[in-house]
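The values are calculated or read from the model by the stated rules, or taken from the named source; none is laboratory data. Everything numeric in this text was worked out from a predicted model, so none of it was measured. Please note: Cβ atoms are built from the backbone with ideal geometry, for glycine as well, and neighbour counts cover all protein chains shown. Just so you know, the surface numbers come from the protein's heavy atoms only, side chains and all, with ligands and any DNA or RNA stripped out. Shrake-Rupley method; radii C 1.70, N 1.55, O 1.52, S 1.80 Å.
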Amino acid sequence: MIPGRAPWTRRTLTALLPLLLALLAALAAGCGKPGSPPVKGPRADTLPHYRVDTAFRLPESPTWTAAKRRGYLIVGVKEDQPYMGERDPATGVYSGFDIEIAKMMAASLGFAPKTIRFRTIASANRETALQNGQIDYYVGTYTINENRKKLVGFAGPYYLAGQSLLVRADEHDIHGPRDLDGKRVCSAAGSTPYQRIQRDYPRIQLVGYDTYSACVDNLLTYQVDAVTTDDTILQGYAAKAPGELKVVGEPFSKEPYGIGVPRGDNALRLALDDALAANERNGNWQKAYDATLGLSGRRATPPPPIDRYPAS
């Protein structure tokens, strides 16, 4: 007790308790998980709104018909990719460019935002989730390639990315994949970047996890020397921790992002192609980019031509 001051009373302590709890909460929020970049993303008030086409009908699509009957869409996404697809652990809200693409597609299909249920699906489980009907479509840095077309369908592409490298800010010897012989490099198991490193750079010690956030944690704690995946994803992590992380070198692949749909549901695939084209023309695509991925400092590249490939 301070000399000359009356002792604390129970009433005084009770009055101060809310202030102390608020202070502790603020301190806890600043601590976070060691090694993890802080959660920050698009502001809700800057995101575009998409007109819901209430007259839309697609009875020839079994996926759309099932979703309409149940009253909501189930959309597969990522939850650990800053500015692309990220879930706020405090609120459960998803945000990012892929999330906006998913929302504008839903509006074109006649579904309001409140009738979308996002489901986090790891890279290695995307095809299975679409084949088993766990999700109606998937938007999550999903590269279109011929092998995947044998398993699922793709609308788009809606963006063209490229594989690159994320390193610690104090790293000066890594500029590309040829500088990684004998080094430990992390990527998401089952992803296209993981398979490319495994195939084209066998001298690299490849480490695989379900999520890129686990890879970034390992990079920040010096357990791996680099993280590799699409530059869109890496730029997001670098933007969140600019003093600790950086993207190096030039992209060494082309990754056309598509919207995954159940294979054989060509009606849904083509309807999503139409929706993408319409939202590119009316400016929604650019608005969505500026409010999300554009915040990472990455300059927008024009969306690539849509590939309306024939049914197989």
| request: Kindly list the number of the only condition in (1) of a type in the set (A, V, I, L, M, F, W, C); (2) closer than 15 Å to Arg269 by Cα; (3) not in a helix (DSSP H, G or I) that fails for Val167. | output: (2)
| remark: The number of residues in segment 154-191 that are surrounded by 23 or more Cβ atoms within 10 Å (Cβ to Cβ), in contact (Cβ under 8 Å) with a residue 60 or more places away in the chain and among the β-branched types (Val, Ile, Thr) is 1
| Complete set of residues in segment 124-140 that are in contact with a Gly (Cβ under 7 Å, 6 or more places away or on another chain) and either in a strand (DSSP E or B) or at pLDDT 95 or above (or both) | Arg126, Ala129, Leu130, Ile135, Tyr137, Tyr138, Gly140
| task | Could you tell me which of the residues Pro262, Pro256 is touching a Ser or Thr at 6+ places or on another chain (Cβ under 7 Å), open to solvent by 10 Å² or more (accessible area, probe 1.4 Å) and within 30 Å of Gly182 (Cα to Cα)? | result | Pro256
| said: outside any loop (DSSP other than H, G, I, E, B) and either open to solvent by 40 Å² or more (accessible area, probe 1.4 Å) or hydrophobic (A, V, I, L, M, F, W, C) (or both): is that true of Ala288 in this structure? | reply: yes
| task | Please find, among Leu219, Leu295, Leu270, Leu276, the residue that is at pLDDT 95 or above and open to solvent by 10 Å² or more (accessible area, probe 1.4 Å). | result | Leu270
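For (1) over 22 Å from the mean Cα position of the chain (by Cα); (2) over 14 Å from Ser108 (Cα atoms); (3) part of a strand (DSSP E or B), each residue gets a yes or a no:
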| site | (1), (2), (3) |
| --- | --- |
| Lys246 | no, yes, yes |
| Gly264 | yes, yes, no |
| Ala275 | no, no, no |
| Asn279 | no, no, no |
| note | Flagged in segment 49-96 as out of contact with any helix residue (DSSP H, G or I) (no Cβ under 9 Å at 6 or more places or on another chain) and either in contact (Cβ under 8 Å) with a residue 40 or more places away in the chain or under 19 Å from Asn279 (Cα atoms) (or both), in numbering order, are Thr54, Ala55, Ala66, Lys68, Asp88, Pro89
| message | Given the options Lys149, Lys114, Lys103, name the one that is more than 15 Å from the chain's Cα centre (by Cα), closer than 28 Å to Leu47 by Cβ and open to solvent by 30 Å² or more (accessible area, probe 1.4 Å). | response | Lys114
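When you check Tyr222 against the structure, is it without any contact (Cβ under 8 Å) to a residue 60 or more places away in the chain and part of a loop (DSSP other than H, G, I, E, B), yes or no?
Answer is yes for this residue.
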| said: If I filter segment 231-243 for residues that are open to solvent by 50 Å² or more (accessible area, probe 1.4 Å), out of contact with any Leu (no Cβ under 7 Å at 6 or more places or on another chain) and modelled with pLDDT of 95 or more, do I get at least one hit? | reply: no
